[in-house]
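This report concerns only the one structure given below.
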Amino acid sequence: MAKDLLNQYRKYGYAVERGVFDSYEIAELTHAFERVHDEAMLLGRSYRLLNAFFKINNDAALRPVVRYVQWPSYFNRTLDRYRRSPRVLKFLAPMLGINLKQITNQLHWKHPGTANMECAFHQDAKTLRPRDAFRDLENSSVQTGIAIDHHDRSNGAMVVYPGSQSLGELHLDAEELAMDQRLDENDLERLGLDPDKAVTLELEPGDVALWSPHTLHGSGPNRSNAVRRFYINSYIIAENSDRGEWAFRNGVSQPLSGQPAMVDYDELYEKPGPMFVD
Ligand SMILES: O=C(O)CCC(=O)C(=O)O
């Protein structure tokens, strides 16, 4: 990671590394997103198998809409390869070292013309459970998002609040249910923050955004004519987490295999599925 990128991340709680993945790699990832999307549409309802979870918004008036899929890397080798790419370790190692687990592996879609596909301002740290499974979170974990499409304000790019990573845990009404809640500038004002200081992360396909577990962020609606996709992976220093799947062990990329590890689905062993979960 270039020194200025690291400095930007430390100072503002976010950074963007441009052009990490090339157009061939983005075509490969696009194909993987399409494949998982087709699988989700075939299921038609929210569905779980072990840690893999397909979140499908089902409004009777509309056809099913795929919102996100957690842990697709268990069943899609392309996605598994990119989540543990040495290209990613290059940024992470200067911040977190070379023994890293992963606590999020998630595909996000923001389809055009769909209401409610927003994400209210929130801090990812507040969604982690159980809290005591994670230690020194602010210095131990980094969230990353690979842009599959061009992201800007018109299609619901992520909006971050610079410097918010140093404010600790904030009290937000929508913190638990940020997904599909409106991105509301009033939430910033209620915290005494200036909405004009929020930054929209304009990204090109192949760029990687990094943000901290306490960085306040969210995203607005997609008002464009095209889908906006984001491949989100978050990492944590292995010894500071009791949960998560290995991503890098002594710097060596770790494919997913064998018995799934406990991540955030507490009933992994008692209720593994497969099952619809509407
Ligand atoms: O896709 C998005 O913009 C939402 C990402 C996000 O806020 C998150 O994963 O915490």
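Every number here is computed from the coordinates shown, using simple stated rules; none is lab data. Note that the structure is predicted; figures quoted are calculated from it, not measured. Don't worry about glycine lacking a Cβ; one is built from the backbone with ideal geometry, like all the others, and counts go over all protein chains shown.
Remark: for residue pairs K3/K55; K90/K126; K11/K55; K101/K197; K90/K271; K3/K197, the C-alpha separation exceeds 30 Å in K3/K55; K11/K55; K101/K197; K90/K271. Sequence-ordered 3J(HN,Hα) estimates for the range 32-43 from the Karplus curve with 6.51, -1.76 and 1.60 and θ = phi - 60° stand at 5, 4, 5, 5, 5, 4, 4, 4, 5, 5, 5, 5 Hz, glycine and proline given as x. A simple packing score, the average count of other Cβ atoms within 10 Å per residue, orders the peptides 223-236, 100-113 as 100-113, 223-236, with the highest score first. As a rough footprinting exposure proxy, the listed residues F91, F75 were ranked by other beta carbons within 10 Å of their own, and the order from fewest upward is F75, F91.
Note on Y269/R129: beta-carbon distance plugged into 1/(1 + (r/R0)^6) with R0 of 22 Å gives a FRET efficiency of 0.85. Reported to the nearest whole Å, the Cα centre-to-centre distance from the range 221-278 to the range 1-31 is 20. The mean sequence separation of alpha-carbon pairs under 8 Å and at least six residues apart, normalised by the residue count of the range 3-252, gives a relative contact order of 32 percent.
Counting neighbouring Cβ atoms within 10 Å and putting the fewest first, the residues Y265, Y9 line up as Y265, Y9. Full extension of the chain between R18 and D152 gives 46.8 nm of extra length, using 0.36 nm per residue less the Cα-Cα distance. With 0.36 nm allotted per residue and the present C-alpha distance subtracted, the D196-D4 stretch has 66.7 nm of extension available.
With both labels modelled 7 Å from their Cα along Cα-to-Cβ, the H31 to V252 distance reads 2.9 nm. Rounded to the nearest Hz, the phi-derived 3J(HN,Hα) couplings of the range 243-252 under the Karplus curve 6.51 cos²θ - 1.76 cosθ + 1.60 (θ = phi - 60°) are 10, x, 9, 5, 10, 9, 10, 6, x, 9, where x marks glycine and proline.
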